[in-house]
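Engineer: Quick one: the structure is below, and I'll ask about it shortly.
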Amino acid sequence: MTAALLPLGLLHLSGSGSIDPMTDVISDYVFLPGGYALLGAAALGLAVACLAIAAGLRRAGLPAPRVPAALFVSAAVALVLVAVFPTHPAGTTPGLVSTVHRAAGGWVFAVLPLASWLVARRARSVPVWAPAAPALSRGAGVAGVISTFFVLNHVPIVIAGSPVFPLIGGVQRVLCAAVMVVLVMTARATRLAVDRVDCTGPVPVPGQLRGAA
């Protein structure tokens with residue numbers, strides 16, 4: 001996660017005075033010197049974190065890990081697209097590259113809170129996971145609410161060219177922070193569950209959950 005936080009911090013420092021963090025979105029940092037590389041490094045760092053969590057869910061004995069793991073993998077793929085395809089300059093017409101960037105970014109913000117919430121829901125029934133379930137569920141819920149608000153504000157941007165809520169940059173930064181916190185919580189819960197499994201042996205999976213999607 002540090003691999004994502006460091007470049008984002010550098011971008012905010014270098015963009016001070018030229019990019020308004022309350023009205024301009026994080027993607028606009030791509031137009032700063034070195035912005036493309038730093039944004040790409042941040043997105044790829046988050047992608048690696050998502051893949052690591054996805055790989056750890058089954059080993060950690062999470063019941064029916066297939067769906068949340070697939071969502072984490074899809075978020076990792078979307079983050080790679082975010083890194084490769086930059087947004088368009090403000091005041092210009094969006095093109096194919098920018099559309100891919102926006103769609104991939106929207107997917108990331110939509111599915112990561114959902115994936116973590118699904119992990120929390122499944123965690124309640126397994127002793128090695130259960131201690132982390134309540135906090136993870138609350139964190140994912142908060143991130144999900146902010147994500148819904150952020151994504152819905154992009155509908156009028158697509159239709160009319162401007163958001164209903166003007167401080168969309170501030171909302172995105174709060175959402176980005178919330179998603180990172182939830183990712184850290186999920187990664188920590190997975191790591192602790194793996195350690196408990198390694199200490200106690202294989203975790204029996206409840207029969208009613210084995211076939212769950």
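Engineer: To the nearest 10 degrees, how steeply does helix 2-14 sit against the main Cα axis of the chain, on a 0 to 90 scale?
Structural biologist: With both axes taken from Cα atoms, the answer is about 20 degrees.
Engineer: Related question: What number does segment 55-138 give for Rg over Rh if you use C-alpha atoms and the Kirkwood radius? Before the final figure, lay out each step's value.
Structural biologist: Details: Rg = 16.4 Å, Rh = 14.2 Å.
For segment 55-138, the value is 1.15.
Engineer: Report in % the part of the accessible area of the chain that belongs to carbon and sulfur, leaving out ligands and nucleic acids; probe 1.4 Å.
Structural biologist: 72 percent
Engineer: Right, another one. Using r as the Cβ-Cβ distance of LEU96 and ARG124, and R0 as 35 Å, what FRET efficiency do you calculate, to the nearest 0.05?
Structural biologist: 0.20
Engineer: On C-alpha positions alone, give me the angle between the axis of helix 133-160 and the longest principal axis of the chain, in degrees, nearest 10.
Structural biologist: Its long axis makes an angle of about 30 degrees.
Engineer: In square angstrom, what is the accessible area per residue of the chain with a 1.4 angstrom probe?
Structural biologist: Accessible area per residue, the chain: 49 Å².
Engineer: Also, I was wondering about something else. Using heavy-atom solvent-accessible surface (probe 1.4 Å) with all chains present, what is the largest-first order of TYR36, TYR29? Please list the in-between numbers first.
Structural biologist: Details: TYR36 110, TYR29 5 Å².
Ranked from most to least accessible, the order is TYR36, TYR29.
Engineer: OK, next. So what's the back-of-envelope 222 nm ellipticity for the chain, counting only DSSP H runs of four-plus at -39500 (n - 2.57) apiece and dividing by all residues, rounded to 500?
Structural biologist: On the way: 7 runs with 150 residues, N = 213.
The helix-only estimate for the chain comes to -24500 deg cm²/dmol at 222 nm.
Engineer: Per residue, what volume in Å³ does the convex hull of the Cα atoms of the chain enclose?
Structural biologist: On the way: hull volume 24.2 nm³, N = 213.
With only Cα atoms used, the chain gives 113 Å³ per residue.
The values are calculated or read from the model by the stated rules, or taken from the named source; none is laboratory data. Given the structure is predicted, the values throughout are model-derived calculations rather than measurements. FYI the Cβ positions are ideal-geometry reconstructions off the backbone, even for glycines, and counts take in every protein chain you see. These area figures cover heavy atoms from the full protein model, side chains too; ligands, DNA and RNA do not enter into them. Shrake-Rupley method; radii C 1.70, N 1.55, O 1.52, S 1.80 Å.
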